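Visitor: I'd like to ask you about the structure that follows.
The values are calculated or read from the model by the stated rules, or taken from the named source; none is laboratory data. Everything numeric in this text was worked out from a predicted model, so none of it was measured. Because the Cβ atoms are built from the backbone with ideal geometry, glycine has one as well, and the counts that use them run over all protein chains shown. Note: areas computed on protein heavy atoms with side chains; ligands, DNA, RNA excluded. Shrake-Rupley method; radii C 1.70, N 1.55, O 1.52, S 1.80 Å.
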Amino acid sequence: MQELKPVDLVVIGGGVNGAGIARDAAGRGLSVILCEKDDLAQGTSSRSGKLIHGGLRYLEYYEFRLVREALIEREVLLNAAPHIVWPMRFVLPHSPEQRPAWLVRLGLFLYDHLGGRKTLPGCRNIDLARDPEGRPIRPEFTRAFEYSDCWVDDARLVSLNALDARERGAVVMTRTAATAARQINGAWEVEFTAAGGARSKVRARAIANAAGPWVENVLHGVAGSNAPRRVRLVKGSHIVVPKFWEGPQAYLFQNDDRRVIFVNPYEGGMALIGTTDIPYEGRAEDVAVDQREVDYLLAAINRYLRTPVTKDQVAHAFSGVRPLYDDNAENPSAVTRDYVFDVTGEPPMLSVFGGKITTYRKLAEHALEKLKPFFPAMKGAWTAQAPLPGGDMPDADFGRFLTGLRKANPWLPPELAHHYARLYGTRTKDVLGGARGLSDLGQHFGARLYQAEIDYLRRAEWALTAEDVLDRRTKHGLHISSDARAAVQSYMGG
């Protein structure tokens, strides 16, 4: 068994919380190992609704602190990663059977003012009979409200945090599981097993257990702890259909069970619809969409649409397991999306329960505050003003950056330039290398996928399989043929 150099912190879990903690810790001067048993963002963090949002409906559950924190984080992340985070307007048709107009207006007033909004526009009223946003909506719905939130490429958010962690000195080990952790002579001894069977171990002063749905597996199975806090697994599924409206706006539909369904523009001509909220009892890795969820989502949106969306229009579906802190709420939709830490022992193990993608950075900051008594020389918080890799654009102005990229590379087709700018930002130069024409990008696999991008992702972002490239680091998998997917698999060695 290989013995690794001792470190300050081992972070278990390569989702958004684990990557965020590893990045923050490395930037504070700690030596860090981040381990993930699969690929980065392979679980929940690539199966979200792709939104950076305050959580408008959480106001009904009096989650004011969480909503305020999330609203503040919207603009922090807009500035930190303007290539993968961008503003989106949401149209909320008023359905008086669900909520009275005064309650919706009050909620939106709080939403506009609770988080110190600076750059995003505030809410406004819409006449669905007159305004273009009303064209896909049934005529019985005559008014709507429009408000701001943000879109995010969730899996890329994880990759960029891991990339920044590595560039600040962290060791990132993908497809490497933490298989045992024991307290020995005032430190943790953590054993790792890689996918190929190679084993290693390291001494660490602390562990951050950010394993998401597997947080209890790490606590009880890996570390042998009997900590009392519990995680509650809630399944959320999404479907992808052809986009059925004009314009860049998204829609938010109130369902008759008091839940809300997002209908968002997705990957050009598609729409992402979700999500469900179902208690989940199985293994997190086995989660899958079932037909009842598809029926539920379609029924919820078709109540509002002039032209119903049908089952045969569903082109793709995915499901994730949200690891919420178990606060004993009866309704899964009422379970808090706030996060809770459990710090046990000395040397300490910090376990993360709950959380949402919007507040991952603040969660990481709070996690390091919890660990500060064990690392008195650790530097202070720093991530609030620091761009993520590729996000270092003047004034966080994506449009200006894209114009400059196209001017510097006039040979790039506009849609390909936009694709590179959105995924890689200022790191696009590393993807292009010295290319001066399309032929310099190597083999073309279809749509906007060229060999140069695959090579970059293998070299810089831990991509090992076709799924890593096509379904997580990018969304090329939605746009290329099955033959092209097979060609990518062949190119990447199976």
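Visitor: Test Pro96 against the stated conditions and say whether it is open to solvent by 30 Å² or more (accessible area, probe 1.4 Å) and under 30 Å from Glu140 (Cβ atoms).
Guide: The answer is yes for Pro96.
Visitor: Only one of (1) open to solvent by less than 20 Å² (accessible area, probe 1.4 Å); (2) touching a residue at least 60 places away in the same chain (Cβ under 8 Å) fails for Asn79. Which number is that?
Guide: (1)
Visitor: For Gly14, only one of the following conditions fails: (1) touching a Gly at 6+ places or on another chain (Cβ under 7 Å); (2) more than 30 Å from Phe141 (Cβ to Cβ). What is its number?
Guide: (1)
Visitor: What is the one condition in (1) acidic (Asp, Glu); (2) at positive phi; (3) free of Cβ contacts under 8 Å to residues at least 24 places away in the same chain that Glu267 does not satisfy?
Guide: (3)
Visitor: Going through Ala194, Ala206 one at a time, which residue ends up being at negative phi and in contact (Cβ under 8 Å) with a residue 60 or more places away in the chain?
Guide: Only one candidate qualifies: Ala206.
Visitor: Quick check: is even one residue across the stretch 97-113 touching a Leu at 6+ places or on another chain (Cβ under 7 Å) and at pLDDT 95 or above?
Guide: For the stretch 97-113, residues touching a Leu at 6+ places or on another chain (Cβ under 7 Å) and at pLDDT 95 or above: absent.
Visitor: Among the residues of the stretch 162-191, write down those that are without any contact (Cβ under 8 Å) to a residue 60 or more places away in the chain and among the β-branched types (Val, Ile, Thr).
Guide: Thr179, Ile184
Let's see how each residue does on (1) among the aliphatic types (A, V, I, L, M); (2) modelled with pLDDT of 95 or more; (3) closer than 18 Å to Met393 by Cβ; (4) open to solvent by less than 10 Å² (accessible area, probe 1.4 Å):
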{"position": "Tyr420", "(1), (2), (3), (4)": "no, yes, yes, yes"}
{"position": "Gly434", "(1), (2), (3), (4)": "no, no, no, no"}
{"position": "Leu441", "(1), (2), (3), (4)": "yes, yes, no, yes"}
{"position": "Ile454", "(1), (2), (3), (4)": "yes, yes, no, yes"}
{"position": "Trp462", "(1), (2), (3), (4)": "no, yes, no, no"}
{"position": "Asp471", "(1), (2), (3), (4)": "no, yes, no, no"}
{"position": "Ser481", "(1), (2), (3), (4)": "no, yes, no, no"}
{"position": "Tyr491", "(1), (2), (3), (4)": "no, yes, no, no"}
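Visitor: Right, another one. In the set Val172, Val158, which member is over 24 Å from Leu78 (Cβ atoms) and in contact with a helix residue (DSSP H, G or I) (Cβ under 6 Å, 6 or more places away or on another chain)?
Guide: Val172
Visitor: Out of the stretch 310-363, which residues are among the β-branched types (Val, Ile, Thr), modelled with pLDDT under 90 and open to solvent by less than 10 Å² (accessible area, probe 1.4 Å)?
Guide: Val335, the sole residue that qualifies.
Visitor: Could you pull out the residue among Glu63, Glu73 that is acidic (Asp, Glu), under 16 Å from the mean Cα position of the chain (by Cα) and over 19 Å from Asn264 (Cα atoms)?
Guide: That would be Glu73, the only listed residue that is acidic (Asp, Glu), under 16 Å from the mean Cα position of the chain (by Cα) and over 19 Å from Asn264 (Cα atoms).
Visitor: Let me ask something else about it. Kindly evaluate Leu66 against the criterion of being touching a Phe, Trp or Tyr at 6+ places or on another chain (Cβ under 7 Å) and either β-branched (Val, Ile, Thr) or not in a strand (DSSP E or B) (or both).
Guide: yes
Visitor: Just to be sure I understand, how many residues within the stretch 364-380 are part of a helix (DSSP H, G or I) and open to solvent by less than 10 Å² (accessible area, probe 1.4 Å)?
Guide: 4
Visitor: Could you please find all residues in the stretch 110-145 being open to solvent by less than 60 Å² (accessible area, probe 1.4 Å), of a type in the set (Gly, Ala, Ser) and in a loop (DSSP other than H, G, I, E, B)?
Guide: Scanning the stretch 110-145 gives Gly115, Gly116, Gly122.
Visitor: Output the strands (runs of 3 or more DSSP E) that fall wholly within the stretch 146-256 and possess 3 or more residues being over 23 Å from Arg28 (Cβ atoms), open to solvent by less than 20 Å² (accessible area, probe 1.4 Å) and among the hydrophobic types (A, V, I, L, M, F, W, C), or say none.
Guide: Result: 231-242, 250-254.
Visitor: Which is among the charged types (D, E, K, R), open to solvent by less than 50 Å² (accessible area, probe 1.4 Å) and over 25 Å from Tyr58 (Cβ atoms), of Asp290, Asp277, Asp286?
Guide: Criteria check complete, one pass: Asp290.
Visitor: Here is a follow-up. Sort through Leu272, Leu297 and tell me the only one that's open to solvent by less than 40 Å² (accessible area, probe 1.4 Å), closer than 19 Å to Trp86 by Cα and either out of contact with any Phe, Trp or Tyr (no Cβ under 7 Å at 6 or more places or on another chain) or not polar (S, T, N, Q) (or both).
Guide: Just a single option satisfies the conditions, and that option is Leu272.
Visitor: Can you tell me which condition Leu402 does not meet? The list is (1) closer than 24 Å to Glu75 by Cβ; (2) in a loop (DSSP other than H, G, I, E, B); (3) open to solvent by less than 40 Å² (accessible area, probe 1.4 Å), and all the others hold.
Guide: Result: Leu402 fails condition (2) only.
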